[in-house]
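Participant: Handing you this structure, nothing more for now.
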Amino acid sequence: MSAERELQGSQSAFARSLHSMPGGNTRTTTYYPPFPVVLSRGEGCYVTDIDGNRYIDLLNNYTSLIHGHAHPRITERIMRVIGGGTVFPSPIEAQMELAERLVTRFPSMDLVRFTNSGTEAVLWGVRAARAYTGRDTIVQAFGSYHGGWEQVSALPEPGESASRGIPGRVRELVLGVPYNDVGALEALMHREGNDVAAILLEPVLGHTITEGSVEFLQAAQRLAHEHGALLVLDEVITARMSTAGCQGLLGLRPDLTTLGKIIGGGMPVGAFGGRRNIMDLFDPRGELAMAHHGTFNGNVLSMEAGVASLDLLSEAEIMRIDDLGHALETGLRDAVAAMGFPAEVRRAGSILHIDSPLMPSIHKSALKQGVFIAPRGQMSISTPMTEDVISQAMDRLEKALRAARAQP
């Protein structure tokens, strides 16, 4: 297959999809002009489009597929149970198995409940904080992403509005501070702290892979407690950083943690959990217990796949893919420096980001070279990857950078 890949099938499929979906898609991040590649299959660290073109998958569904596509252990577990039903209106043992693994891996989580996505996990985490404190205001960092629900705004993609459709009175309940600015956070909490239910933070900004400083995150924990608020740590993306997530690496003990992505083994999943006296709000045996609904919460496939995913994700595997991420980071930095290319490369563990004003051209060129990355420059490492795969990916990305630089 030449670098100029044939995409007639994807182009036709996109034209077809415009008749039934706005913009031809059902997930904003999957669109990029002039039309997105339509994928048909994934195996390990590779994806194939409907025209038969194969790509090294350096996106992994925006970090959720830490074990790549169709991992045999995960697939085997799903196939073993799917014939017996996929969801029930009563507890199943796999819920208990996955919950036990989570509370063992995350010492800050005494109890946990499941949702269907990271967005829902944050929604319920924030709601729990408001119920526990009796307050309404949430503090978060500018440039953070905590899902698609209306009370927590996302960082918009080009041409998007982060607040359109969200009532002004709702937006007023979310206060922002610059990420890693301890002074600004202290000033805000001094001014507004008595009304704050929670400080909600990502330990690494997922959109740009900007690491939170230990000083900033520890200050958030201290200030939350000084003002009677909770620290809610969004580890939907960063749970891959260690078996106990970023909080384990940084010595943090948040009051609540939100999870998603890798804990479902590629199936839809979310979870929130934390201190027992907070999570007991959801105990239906209690007086005035908080209702927590969701038809597919704790469904069979997500729970079984999640158990397999966590069992595969040992500390040794995390260190190995972090090393692969470092190798890719080094290669990208060297290539950018050698070319005098206008770009910045950032990495946190096994997640990377290349930031450049030429990103649309880089993304298009990467696809032509057979590497699948996010249009905004995000990349991640999966466990099926090896040093050889990273070397191949780097060779292709270097060609993509040169091609992007050469475009008018």
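Participant: What percent do you get for the relative contact order of region 293-408 when only Cα pairs under 8 Å and 6+ apart count?
Facilitator: Details: 123 pairs, mean separation 30.0, N = 116.
For region 293-408, the relative contact order is 26 percent.
Participant: Carbon and sulfur: what percent of region 333-408's accessible surface (1.4 Å probe)?
Facilitator: Carbon and sulfur atoms account for 48 percent of the accessible area of region 333-408.
Participant: Can you list residues from other chains, or at least 5 along the same chain, whose modelled amide H is less than 5 Å from the amide H of Ser40?
Facilitator: Sorted by chain and number, the residues that satisfy this are Thr48, Asp49, Ile50.
Participant: Next question. Would you please name the trypsin sites (Lys or Arg not before Pro) within region 17-123 that are DSSP coil residues with at most 13 other C-beta atoms within 10 Å of their C-beta? Walk me through the intermediate numbers first.
Facilitator: On the way: sites: Arg27, Arg41, Arg54, Arg73, Arg77, Arg80, Arg101, Arg105, Arg113; in loops: Arg27.
Within region 17-123, the qualifying trypsin sites (Lys or Arg not before Pro) (loop, at most 13 other Cβ atoms within 10 Å) are Arg27.
Participant: When the chain is treated as a GNM, springs tying every alpha-carbon pair under 10 Å, which of Asp280, Asp388, Asp255 comes out with the largest mean-square fluctuation?
Facilitator: Checking each option, the largest mean-square fluctuation is seen for Asp388.
Participant: Right, something else. Based only on Cα atoms, what Rg/Rh ratio does region 175-323 have, Rh being taken as Kirkwood's radius? All intermediate terms of the calculation are to be shown ahead of the outcome.
Facilitator: Numbers: Rg = 16.9 Å, Rh = 16.9 Å.
Using only Cα positions, Rg/Rh for region 175-323 is 1.00.
Participant: Another one. When the Cα centres of region 112-144 and region 167-221 are compared, how far apart do they sit, in Å?
Facilitator: Using only Cα atoms to place each centre, the spacing works out to 13 Å.
Participant: Another one. Can you run phi through the Karplus equation (6.51, -1.76, 1.60; θ = phi - 60°) for region 194-211 and list ³J(HN,Hα) in whole Hz, with x for Gly and Pro?
Facilitator: Going residue by residue, I get 5, 9, 8, 7, 7, 9, 10, 9, 8, x, 9, 5, x, 5, 10, 6, 9, 6 Hz, with x marking Gly and Pro.
Participant: How much length is gained on full extension from Thr386 to Trp149, taking 0.36 nm per residue of separation minus their Cα-Cα distance?
Facilitator: Working: separation 237, 0.36 × 237 = 85.32 nm, distance 3.69 nm.
Gain on stretching Thr386 to Trp149: 81.6 nm.
Participant: Using a 10 Å cut-off on Cβ atoms, rank the peptides 233-242, 187-196, 61-70 from the highest mean neighbour count down. It would help to have the intermediate numbers written out before the result.
Facilitator: On the way: 233-242: 27.2, 187-196: 15.7, 61-70: 21.6.
Per-residue mean Cβ counts within 10 Å order the peptides as 233-242, 61-70, 187-196.
Participant: Could you work out how far helix 300-312 tilts from the main Cα principal axis of the chain, as a 0 to 90 degree angle to the nearest 10?
Facilitator: 80 degrees
Participant: Residue separation times 0.36 nm, minus the C-alpha to C-alpha distance between Met319 and Thr295: what's the value?
Facilitator: That pair, Met319 and Thr295, stretches by 5.0 nm at full extension.
Participant: For region 241-320, which trypsin sites (Lys or Arg not before Pro) are both in a DSSP coil and crowded by at most 15 other Cβ atoms within 10 Å?
Facilitator: Arg285
Participant: Let me ask something else about it. At what distance in nm do the modelled label points of Arg164 and Ser40 sit from each other, each positioned 7 Å from its Cα along Cα→Cβ?
Facilitator: Going from the Arg164 label point to the Ser40 one covers 3.4 nm.
Participant: Amide H of Thr383 versus every other amide H placed in the peptide plane: which residues, excluding those fewer than 5 positions away on the same chain, fall under 5 Å?
Facilitator: Those lying under 5 Å, H to H, from Thr383 are His67, Gly68.
Participant: When the Karplus curve 6.51 cos²θ - 1.76 cosθ + 1.60 is applied with θ = phi - 60°, which whole-Hz ³J(HN,Hα) does each residue of region 371-380 get, with x for Gly and Pro?
Facilitator: 10, 9, 10, 6, x, 8, x, 7, 9, 8
Participant: Where only protein heavy atoms count, and the probe is 1.4 Å, what is the accessible area per residue for region 1-53 in Å²?
Facilitator: 63 Å²
Participant: Follow-up. So if the hydrodynamic radius of region 335-408 is defined as the Kirkwood radius over C-alpha pairs, what does Stokes-Einstein give as its diffusion coefficient at 20 °C and 1.002 mPa s, in µm² per second?
Facilitator: Rounded, D is 172 µm²/s.
Participant: Enumerate the amide H contacts of Leu230 below 5 Å, restricted to partners 5 or more residues apart or on another chain; note that Pro and chain-start residues carry no placed amide H.
Facilitator: Ala198, Ile199
Participant: So, one more: Give me the distance in nm between label points sitting 7 Å out from Cα along the Cα-to-Cβ direction at Gln218 and Leu249, one decimal.
Facilitator: In this crude label model, Gln218 to Leu249 measures out at 1.7 nm.
Participant: In degrees, nearest 10, range 0 to 90: what is the angle between the Cα axis of helix 214-226 and the longest Cα principal axis of the chain?
Facilitator: Approximately 20 degrees, to the nearest ten.
Participant: Moving to a separate point now. Could you state the accessible area per residue of region 227-289 in Å², with a 1.4 Å probe and every protein chain left in place?
Facilitator: For region 227-289, the per-residue accessible area is 34 Å².
Participant: Using only the Cα atoms of region 277-408, what are the Rg and Dmax in Å?
Facilitator: According to the Cα coordinates of region 277-408, Rg and Dmax are 20.9, 67 Å.
Participant: Still on this structure, I have one more. For the pair Arg285 and Glu97, how long in nm is the line joining their label points, each one 7 Å along Cα→Cβ?
Facilitator: In this crude spin-label approximation the distance works out to 2.5 nm.
Participant: Using only the alpha carbons, work out the radius of gyration and Dmax of region 35-172 in angstrom.
Facilitator: Values for region 35-172 (Cα only, Rg and Dmax): 19.5, 55 Å.
Participant: Place a +1 charge on the Cβ of each Lys and Arg in region 246-293 and a -1 charge on the Cβ of each Asp and Glu, then give the dipole magnitude about the Cα centre in debye, rounded to the nearest 20.
Facilitator: Numbers: 5 positive and 4 negative charges, 37 e Å.
Result for region 246-293 is approximately 180 debye, rounded to the nearest 20.
Participant: Where does helix 387-406 land angle-wise versus the long Cα axis of the chain, in degrees 0 to 90, nearest 10?
Facilitator: 70 degrees
Participant: A further question on this structure: With every protein chain present, what is the per residue accessible area of region 350-408 (1.4 Å probe, Å²)?
Facilitator: On the way: 2290 Å² over 59 residues.
Spelled out: the 1.4 Å probe surface of region 350-408, per residue, equals 39 Å².
The values are calculated or read from the model by the stated rules, or taken from the named source; none is laboratory data. Worth saying up front: this structure is predicted, and the values here are computed from it rather than measured. For neighbour counting, all protein chains shown are included, and Cβ atoms are generated from backbone atoms with ideal geometry for every residue, glycine included. Just so you know, the surface numbers come from the protein's heavy atoms only, side chains and all, with ligands and any DNA or RNA stripped out. Shrake-Rupley method; radii C 1.70, N 1.55, O 1.52, S 1.80 Å.
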